[in-house]
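Structure first, then comments.
The values are calculated or read from the model by the stated rules, or taken from the named source; none is laboratory data. Note that this is a predicted model, so its numbers are computed, not measured. Glycine also receives a Cβ, built like all others from the backbone with ideal geometry; neighbour counts cover every protein chain displayed. Only protein heavy atoms, including side chains, enter the accessible area calculation; ligands, DNA and RNA are left aside. Shrake-Rupley method; radii C 1.70, N 1.55, O 1.52, S 1.80 Å.
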There are 2 protein chains.
Amino acid sequence: MTGLEIALGNETIIDFERSEQSKALEMSTLHVNLGPRGYDIVMGAKFADGFGRFAASVLPGRSAFLVSDRNLFAQEHPDRLLASLQAAGFRIGSLELVPGEERKSLESLSVVYDKLADFGADRQTVVIAMGGGVVGDLAGFAAATFNRGLPWIMVPTTLLAMIDSSVGGKVGINHPAGKNLIGAFHQPRAVWIDLEYLSTLGRREFRSGLAEAVKYGMILDEDLFCWLEQNHLNIAKPSHADLEHLVHRCCQIKATIVKRDELDQTGLRAVLNYGHTFAQAFERVAGYGVLLHGEAVAMGMDCAARAAQQLGWIGSDVVQRQRMLLHLLDLPTTYAAEWPLPDLLEAMRHDKKSESGQFRLVLPRRIGHMETNVQVSESLIRQVLSSHTLRAEA
Amino acid sequence: MTGLEIALGNETIIDFERSEQSKALEMSTLHVNLGPRGYDIVMGAKFADGFGRFAASVLPGRSAFLVSDRNLFAQEHPDRLLASLQAAGFRIGSLELVPGEERKSLESLSVVYDKLADFGADRQTVVIAMGGGVVGDLAGFAAATFNRGLPWIMVPTTLLAMIDSSVGGKVGINHPAGKNLIGAFHQPRAVWIDLEYLSTLGRREFRSGLAEAVKYGMILDEDLFCWLEQNHLNIAKPSHADLEHLVHRCCQIKATIVKRDELDQTGLRAVLNYGHTFAQAFERVAGYGVLLHGEAVAMGMDCAARAAQQLGWIGSDVVQRQRMLLHLLDLPTTYAAEWPLPDLLEAMRHDKKSESGQFRLVLPRRIGHMETNVQVSESLIRQVLSSHTLRAEA
């Protein structure tokens, strides 16, 4: 590969050293086959110059409105895309958001609508959502509902957004009564993944994305799980090839699932919630913003695996193997002792996935295979949660 | 038919006198064939008692949240549906809105979200939108976006909503920059039309609905146009049979069009905008709320017909015949002389349908056949609008 060096520090994790020649667009493509709503995920590094031409090739119109956040604008990432769009003949506009989960509100949505209206967006105007999950969810939902639907292109800049939001078309905002309570399914016209963006991602956020990669291995792909085990040292300093393999494989797995249950109706897509019922309770009880999503998911997967062990579905070897991998990737598996058990139980009951107040989980039968909608007793949940703060077990 | 008497007065226009026996559910059904999103429009009179059983037959869940407006609650129409739902085993909740176009705002939408969350709506909760276009658009859009989409049933209570909103799935809210600027396509699970509701509809609102019926005749169905000509006296005092024929035929025509262009993408659906580019300018310049939509559409169709006459597409006989029918139905075809021509032209330029500031109209080739996307000069528009206040022509 092209001399990419990764240093998993807080400053930078990828140092791109590519020759002038290699800057010619090198990209790989993954097609997400959703029939008429299918689209390509293109992946490369340092190929922002080609964005305008690419956008022109997948869109009928020539006006584009980019939504991103202040941190990315500070690094001039959006400006490079905008310049490329302009060079390709697009009329351009943009909106800079203050970062943070609180942006996923009706108020912020209203601001996006105002700016789209000021821009004179019509049905052919493409919305470019550049950033992590928050920007993608908010701008994607604005695109889903402005003028009854504008085309949009997602440009994820975090590992989590690359391997999670890139596939599935779920967009939305939060409501005081629940995260992502207001939303839609609106598939993007394309996803543009520039692995260079990971070079400015902090270590903690990068490893948070890795938790979702472990999840994909656990739910559907033992090979990916083994690859993560074997390459954990590389992943701490990932090459371009490592990152491309990782992102490509995760997107492929999610696409396989989403293709069979695009609108979350058959129950199949629920498999993606492995560890998430616990995770959402941890995030809630810790207070939003304290834990990164991937950290909560790592803890949640450990709980789910131990629940499956209690049911006799898997042995302690599987629990230990998953826990070991999470630790190798520097992810937590135990939660703070001060989170009260009753609060956690209450939060789990309120989870959207727990219909009618019952506990329904996604639990592993083995690495690479899950069962969804498993009804479990409160006493089992208590048992799992009670013993969970004992790091001695790990 | 069953002894229905209609008095087109301001108080009541339908007087239902049905025997106990005939109160057994009599309903006709029209299927809107949109494949997996297809649904039935059921039509009857005084059959609210059957609503709960019907809802149970088309829905998996047993919780229902009804949105309606104060005027209808005052007449206890929503309560009858709620009682019927409860009798059929539904858990019920409801929200009473203050009537008016200003309800189609982000603020009102937020209130609907809050109430749905308080109700504990989950993905199986059905939203019942009972009322005219405003309630349907607002509650339908809430249903489209709460929890990424709840099922919904539309219960239109005005003639306009019965023959226009019942088919098409367009839901949404207004934005300062444009009417219906925020929205989605979200097909209802069913439409329930109780013709009894028309009995409490004022004469002016009833005839506003008739303008859209004339439109359907003009764009696709000369037979319907002739039927309206021949039955204009009956329609002033319509029987149940007349109303059922009228509503059924109009829904059928709209369904034919929507089926071929569900997402408003091929241009075919644009035929439904006959008269509407002019109409929207009249509504805007008159000030929203001054004209009823159908009144503006009647004026707009007269303008469009005269534009087609100027182009030599139709003779004055067609213009006169349409105008005569509109007058027989007590609809206006001339607009107030005090509306300034420059304001009207400006409003027409801002219409969503007039892309890039050009004038594009839907114009008749004959009764029952239109051409869409006809580019016309500003001077033609000026000519049509200038001569339009001269009632002498009529």
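For the reader, a short list of remarks on this structure follows.
- Any hit, the range A:293-311, residues being outside any helix (DSSP H, G or I), in contact (Cβ under 8 Å) with a residue 24 or more places away in the chain and over 24 Å from residue A:133 (Cβ atoms): yes
- Some residue of the range B:229-239 being in contact with a Lys or Arg (Cβ under 7 Å, 6 or more places away or on another chain) and in contact (Cβ under 8 Å) with a residue 12 or more places away in the chain: no
- Restricting attention to the range B:243-263, the residues that are touching a helix residue (DSSP H, G or I) at 6+ places or on another chain (Cβ under 8 Å) and either in contact (Cβ under 8 Å) with a residue 60 or more places away in the chain or closer than 16 Å to residue B:31 by Cβ (or both) total 14.
- For the range A:265-282, the set of residues classified as free of Cβ contacts under 8 Å to residues at least 40 places away in the same chain and part of a loop (DSSP other than H, G, I, E, B) consists of A:265, A:266, listed by residue number.
- Any hit, the range B:357-373, residues being part of a helix (DSSP H, G or I), of a type outside the set (Val, Ile, Thr) and at pLDDT below 95: yes
- Each residue in the range A:143-169 was checked for being closer than 28 Å to residue B:105 by Cα and within 11 Å of the chain's Cα centre (by Cα), and 0 of them qualify.
- Hits in the range B:32-63 - residues which are open to solvent by less than 20 Å² (accessible area, probe 1.4 Å) and closer than 15 Å to residue B:156 by Cβ: B:32, B:39, B:41, B:42, B:43, B:44, B:45, B:47, B:48, B:51
- Residue A:101 meets each of the listed conditions (1) in contact (Cβ under 8 Å) with a residue 60 or more places away in the chain; (2) open to solvent by less than 20 Å² (accessible area, probe 1.4 Å) apart from (2).
- Pairs where the first residue, in the range A:16-42, is closer than 26 Å to residue B:263 by Cβ and the second is at pLDDT 50 or above and open to solvent by 80 Å² or more (accessible area, probe 1.4 Å), C-beta under 7 Å, 6+ apart: A:33/A:259; A:34/A:259; A:38/A:31; A:39/A:189; A:40/A:31; A:42/A:27
- Residue A:143, sole failed condition from (1) surrounded by fewer than 24 Cβ atoms within 10 Å (Cβ to Cβ); (2) within 25 Å of residue A:261 (Cβ to Cβ): (1)
- Within the range B:63-110, being farther than 20 Å from residue B:52 by Cα and within 14 Å of chain A (Cβ to nearest Cβ) holds for B:104, B:105, B:106, B:107, B:108, B:109, B:110.
- Pairs with Cβ under 7 Å, 6+ apart, first in the range B:64-76 and open to solvent by 30 Å² or more (accessible area, probe 1.4 Å), second assigned to a helix (DSSP H, G or I): B:75/B:200
Condition check ((1) among the hydrophobic types (A, V, I, L, M, F, W, C); (2) open to solvent by 10 Å² or more (accessible area, probe 1.4 Å); (3) in contact with a Phe, Trp or Tyr (Cβ under 7 Å, 6 or more places away or on another chain)) across all residues:
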site	(1), (2), (3)
B:212	no, no, no
B:217	no, no, yes
B:220	yes, yes, no
B:225	yes, no, no
B:242	no, yes, no
B:248	no, yes, no
B:260	no, yes, no
B:273	no, yes, no
B:280	no, yes, no
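- Between A:328, A:311, the distinction of being open to solvent by 70 Å² or more (accessible area, probe 1.4 Å) and under 24 Å from the mean Cα position of the chain (by Cα) belongs to A:328 only.
- The range A:148-197, subset open to solvent by 10 Å² or more (accessible area, probe 1.4 Å) and acidic (Asp, Glu), residue farthest from the other protein chains (Cβ to nearest Cβ): A:196
Yes or no, residue by residue, for (1) surrounded by 17 or more Cβ atoms within 10 Å (Cβ to Cβ); (2) more than 27 Å from residue A:205 (Cα to Cα); (3) without any contact (Cβ under 8 Å) to a residue 40 or more places away in the chain:
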position: A:89; (1), (2), (3): no, yes, yes
position: A:114; (1), (2), (3): no, yes, yes
position: A:119; (1), (2), (3): yes, yes, no
position: A:128; (1), (2), (3): yes, no, no
position: A:135; (1), (2), (3): yes, no, no
position: A:139; (1), (2), (3): yes, no, no
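- Residue-level analysis places residue A:96 outside the set of residues that are open to solvent by 30 Å² or more (accessible area, probe 1.4 Å) and at pLDDT below 95.
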